[in-house]
Amino acid sequence: MTRRAPVLARALLLGAALILSCLEARAAPPAAPGGGFSISIEQGTQMDFGGLSIGLIDASRGYYLDGGGRRRYGLRASLALTLLGQPKSYRQVDAVKGQVILIGGYRVLVQDILPKGDGSVVVAVRGPAPKPKSWLSRLLERL
């Protein structure tokens, strides 16, 4: 009888790990090319990715400064970016399609800007290196 208890405990832990892994897989957004996630954000809303918050202030045609500091006219998205828990990291960026924004180890690529209706922007986000695994994850890997 005492020999069955460890076997039963292992089976229960393995079952719980499988259920948790299925729940996490359903919650994950689709992967973007090259890793990370590709997400559409509508005007007036924001998205949190790990420790990064991205909001779309406006998506329209207008004047913006390009990478060389020259004034240009065209389709642009005004984005609000901040690292969660770090209010001083707030940045407002007028971005164009194809532009990459670096903030706190995150890489944000503006894939598309859709000004129709309320407006939206499609961004691909790659985060910093993943955090170390929890003690529970390491324990389950050993079973």
| task | Find all pairs meeting these conditions: Cβ atoms under 9 angstrom apart; at least six residues apart or on different chains; first residue within the range 47-62 and basic (Lys, Arg); second residue loosely packed, with under 15 Cβ neighbours inside 10 Å. | result | Arg61/Tyr73; Arg61/Gly74
| task | Hand me the list of strands (runs of 3 or more DSSP E) wholly inside the range 31-117 holding 1 or more residues that are over 23 Å from Pro128 (Cβ atoms) and out of contact with any helix residue (DSSP H, G or I) (no Cβ under 7 Å at 6 or more places or on another chain). | result | 37-42, 52-65, 71-83, 86-95, 106-114
| task | Just give me the residues in the range 122-143 being surrounded by 11 or more Cβ atoms within 10 Å (Cβ to Cβ) and either under 13 Å from the mean Cα position of the chain (by Cα) or at pLDDT 90 or above (or both), in sequence order. | result | Val122, Val123, Ala124, Val125, Arg126, Gly127, Pro128
| query | Can Arg71 be described as crowded, with 16+ Cβ neighbours inside 10 Å and either without any contact (Cβ under 8 Å) to a residue 60 or more places away in the chain or among the aromatic types (Phe, Trp, Tyr) (or both)? | reply | no
| query | Considering the range 75-110 alone, what residues qualify as being among the polar types (S, T, N, Q) and surrounded by fewer than 16 Cβ atoms within 10 Å (Cβ to Cβ)? | reply | Gln86, Ser89, Gln92
| remark: The residue that is surrounded by the fewest Cβ atoms within 10 Å (Cβ to Cβ), considering only those in the range 111-121 that are in contact with a strand residue (DSSP E or B) (Cβ under 6 Å, 6 or more places away or on another chain) and either among the acidic types (Asp, Glu) or without any contact (Cβ under 8 Å) to a residue 12 or more places away in the chain (or both), is Asp118
| Failed criterion for Ala16 (all others in (1) modelled with pLDDT of 90 or more; (2) loosely packed, with under 15 Cβ neighbours inside 10 Å hold) | (1)
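The values are calculated or read from the model by the stated rules, or taken from the named source; none is laboratory data. Because the structure is a prediction, the values reported are computed rather than measured. Here Cβ is always computed from backbone atoms with ideal geometry, including for glycine, and neighbour counts include all displayed protein chains.
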